[in-house]
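What follows is a single structure, written as structure tokens, with notes after it.
Bear in mind these aren't lab numbers, they're just calculated from the coordinates by the rules spelled out. This is a predicted model, so every value here is computed, not measured. Glycine also receives a Cβ, built like all others from the backbone with ideal geometry; neighbour counts cover every protein chain displayed.
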Amino acid sequence: MMKKILSVLALVSTLGFGFIGNTFAEDAAPAADAAAAVVAPDAAKPDTAPAAAPEVPAASAAATAPVPNKGDTAWMLVATILVTLMAIPGLGLFYGGLVRQKNMLSVLMQTFMIFSLMGVLWALYGYSVAFTGGNPFFGGLSKAFLLGVTPESVGATFSKGVYIPELVFVAFQLTFAAITPALIIGAFAERMKFSAVLVFMVLWFTFSYLPMAHMVWYWDGPDAITDAKSLETVVANAGWLWAKGALDFAGGTVVHINAGVAGLVAAIMVGKRIGYGKEAMTPHSLTLTMVGAALLWVGWFGFNAGSNLEANGYAALALVNTMIATGAATLSWTFSEWLVKGKPSMLGAASGAVAGLVAITPACGFVGPMGGIIIGLLVSPICYFFVAKVKYMFGYDDALDVFGVHAMGGVFGALATGVFVNPALGGAGVIDYVANGVAAYDFGAQMTAQVYAVVTAIVLSAVVSFIALKIVDILIGLRVSEESEREGLDTTEHGERAYHN
């Protein structure tokens, strides 16, 4: 079992990192030094309330409390609602339509309950561990139970002197923390105990999601950077991968690689569905899958554009990239499938759309629109290869292709971000808050930082998932009985049916 997991991950490493070669001999730290801070998602430390702009006298600054921007606040409230839309109905219907009729409600129930459970855990300790100071790998418990988070407290954005209410940031990040574990369920759909799912998600959320969020997105905020000396302090206080200079606008590493690798490990450890490869396991409702994919696409605008934390041009860039990269990936997957199989399918189009959404997530606020289109066009053939070939080559039963789409789309998107952020290729570049401009682009340093982030996400998620699933298996067992699996989880686990006909 462990050998199979390592074999697949080794293939990913070979395909994903093979082109990098000796270019990345430099350490990634120069990327962080050259780029004082990045216009990246959710990196702003929400409890940061620094002094006003430098031209304001110190005494006046101390007496003036930061005032949240109402326009940014309104946009972030909408973005939070959009991510909730993509999570509960969007992901639920997308996954639900792909399973057999007898397991439809089990998928909906798992999605609904995971979102609810993670939301509560986020308020209890998750937010504090992810977004307070501690060490480079995880934060502390100073804001456990949302201690000190009030309607008056503010969080920094990516512009100096611009703030949003901290509670808005808490809620927005809650939706990320809630949807990420829910993505994993597609890998082991139709065969895992509901109780085992919930316990595994608590462990994985605590020891894989929260450290990744802290490492990639935690820093002291733009107002903490005034000169080269203060930048050194910010880098020292930041999450490990942020300090390396890794760019992840909305969660390519934190969300998609993290969840996708967990899905692979779970699919292998739980085992194949009964009859896999011998019986037909076709989706019971591609209509619902299409509706779910459409809701995901709409909600993803909140996911990506909302990660800018402000209603400005960078949010618009993220929105445009999300639109056109997804369209390009839909076309690319459809024509790839048409070429290989002779017919384009609705399932292929929906899968392509999700692959595009995944790949553009880390890049959406960094690359130009043409870079977004290229990312969309290239990601679908890669994901299609893993879904149609690699899965069967290694014999694992990733029921809804979580690894093939989310992990591989996330790996490609994270690496492509390091390429297309280059202003010479139409990218937005990386903001240098010391010089108040765009930092010089360094391909070697930037790609080294991206590889650090990708490898960290793969290793952390694989190790945590393996250990967590072993613990759950010992305590309560992972899998339902053969009789329950054949009858369907809707009736055996939940005592109800999706349809009565």
Original post:
For residue 160, which lysines qualify as cross-link partners when the Cα separation must be under 19 Å and same-chain residues fewer than eight apart are set aside?
Top reply: 45, 70, 229
Original post:
Cross-link partners among aspartates and glutamates for residue 143, C-alpha distance below 13 Å, same-chain residues fewer than 8 apart left out?
Top reply: 47, 166
Original post:
When the gyration tensor of the chain is built from Cα positions, what are the square roots of 5 times its three eigenvalues, in whole Å, from largest to smallest?
Top reply: 37, 25, 20
Original post:
What order do you get for 163, 396 when you list them from fewest to most C-beta neighbours inside 10 Å?
Top reply: 396, 163
Original post:
At a Förster distance of 22 Å, what's the computed FRET efficiency of residue 198 paired with residue 496, Cβ-Cβ distance as r, to 0.05?
Top reply: 0.75
Subject >> Rough spin-label spacing in nm, given labels placed 7 Å along Cα→Cβ, for residue 338 and residue 471 >> reply: 4.9
Original post:
Of 343/391; 341/389; 389/470, which sit over 24 Å apart, Cα to Cα?
Top reply: 389/470
Subject >> Set of segment 368-395 residues, backbone N closer than 12 Å to the point 7 Å along the Cα-Cβ line of residue 438 >> reply: 368-369
Original post:
What is the spin-label model distance, in nm, from residue 135 to residue 484 if the labels are put 7 Å beyond Cα along the C-beta direction?
Top reply: 3.9
**OP:** Mind pulling up the Rg/Rh value for segment 222-339? Radius of gyration and Kirkwood radius, both on Cα.
**Re:** 1.10
Original post:
Which distance in Å, rounded to a whole number, links the C-alpha centroids of segment 406-432 and segment 484-501?
Top reply: 44
Subject >> Distance (nanometres) between label positions extended 7 Å along Cα→Cβ at residue 65 and residue 282 >> reply: 6.3
**OP:** May I ask you to sort 466, 200, 301 by Cβ crowding, counting other Cβ atoms within 10 Å and putting the fewest first?
**Re:** 466, 301, 200
Original post:
If we count every other residue with Cβ under 13 angstrom of residue 423's Cβ, Lys/Arg +1 and Asp/Glu -1, where does the sum land?
Top reply: -2
Original post:
Amide H to amide H under 5 Å from residue 154: which residues, 5+ apart in sequence or cross-chain, H placed 1.01 Å off N in plane?
Top reply: 166
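Have a look at the DSSP beta bridges in the chain and tell me what percent are antiparallel, nearest 5.
90
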**OP:** Note the angle between two axes, namely the Cα long axis of helix 443-475 and the longest principal axis of the Cα atoms of the chain, as a number of degrees from 0 to 90, rounded to the nearest 10.
**Re:** 50
**OP:** Would you mind pulling out the separation of the Cα centroids of segment 102-152 and segment 321-344, in Å?
**Re:** 35
Original post:
Which whole-angstrom value gives the distance between the alpha carbon centres of segment 229-266 and segment 371-405?
Top reply: 23
Original post:
Near the amide H of residue 163, under 5 Å away, which other amide H atoms are found, from residues 5 or more places off or on another chain, if H is placed in the peptide plane?
Top reply: 69
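Under the rule of -39500 (n - 2.57) per DSSP H run of 4 or more residues, summed and divided by the residues of the chain, what mean residue ellipticity at 222 nm is obtained, to the nearest 500 deg cm²/dmol? All intermediate terms of the calculation are to be shown ahead of the outcome.
Values: 22 runs with 283 residues, N = 501.
About -18000 deg cm²/dmol.
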Original post:
If each residue's Cβ is checked for other Cβ atoms within 10 Å, how do 201, 323, 393, 192 rank with the fewest at the top?
Top reply: 393, 323, 201, 192
Original post:
Among 90-97, 116-123, how do they line up from the highest to the lowest mean number of other beta-carbon atoms within 10 Å?
Top reply: 90-97, 116-123
